[in-house]
1. Give me a count of the residues in region 30-58 that are in a helix (DSSP H, G or I) and either in contact with a helix residue (DSSP H, G or I) (Cβ under 6 Å, 6 or more places away or on another chain) or more than 23 Å from Ala79 (Cβ to Cβ) (or both).
2. Would you point out the residue of region 79-120, among those that are polar (S, T, N, Q) and within 16 Å of Ala21 (Cα to Cα), that is farthest from the chain's Cα centre (by Cα)?
3. State which residue is surrounded by the fewest Cβ atoms within 10 Å (Cβ to Cβ) when the search covers only region 64-102 and only residues that are farther than 22 Å from Leu47 by Cα and of a type in the set (A, V, I, L, M).
4. Select from region 17-48 the residues that are in contact (Cβ under 8 Å) with a residue 24 or more places away in the chain and either touching a strand residue (DSSP E or B) at 6+ places or on another chain (Cβ under 9 Å) or of a type in the set (Gly, Ala, Ser) (or both) and write down the one among them that is surrounded by the fewest Cβ atoms within 10 Å (Cβ to Cβ).
Amino acid sequence: MTKTNAMTLVLQIVFWLLLLAMAVPMCFFGLTKVLRKPEKMAALAHLGYPVWFLVIVGIAEIASGVLILIPDTRWTGVAVTAVILLAAILSHARAGDSRAQIMTPVYVFLHLMVIAVWMVAAS
């Protein structure tokens, strides 16, 4: 294996780790919303949304996590995830939540932007 091939393999592995680090939590937390976990219901009520909205957000999170992993739908997954995260940032800010609660989706959004920039650079 040449040095170039080894570097390409390492970059592919890093990219897939970034994708998995985004997709797996999105699917997991989406599932907790679809299953209407009490802590998720309380959090959404705190943000001022009705309980039925929890299931819609959960389905969107699961879908975005799956879409990010499929090469042909990756951009759609990135777009859906970006909308979810921006809505979370605005919702926490509007509810007057702490800086830590607002910054969590900001950090996840930055992770998503790393993936998007990588995809642009690779194309």
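1. 18
2. Among residues in region 79-120 that are polar (S, T, N, Q) and within 16 Å of Ala21 (Cα to Cα), the one farthest from the chain's Cα centre (by Cα) is Thr104.
3. Restricting to residues being farther than 22 Å from Leu47 by Cα and of a type in the set (A, V, I, L, M), the top hit is Ile70.
4. Filtering region 17-48 for residues that are in contact (Cβ under 8 Å) with a residue 24 or more places away in the chain and either touching a strand residue (DSSP E or B) at 6+ places or on another chain (Cβ under 9 Å) or of a type in the set (Gly, Ala, Ser) (or both), the one surrounded by the fewest Cβ atoms within 10 Å (Cβ to Cβ) comes out as Gly48.
Just so you know, all these numbers are worked out from the coordinates, no wet-lab data involved. Predicted model, so just to flag it, every value in this text is computed and none were measured. When we count neighbours, we look across all protein chains shown, and the Cβ atoms used for this are built from the backbone with ideal geometry, even at glycine.
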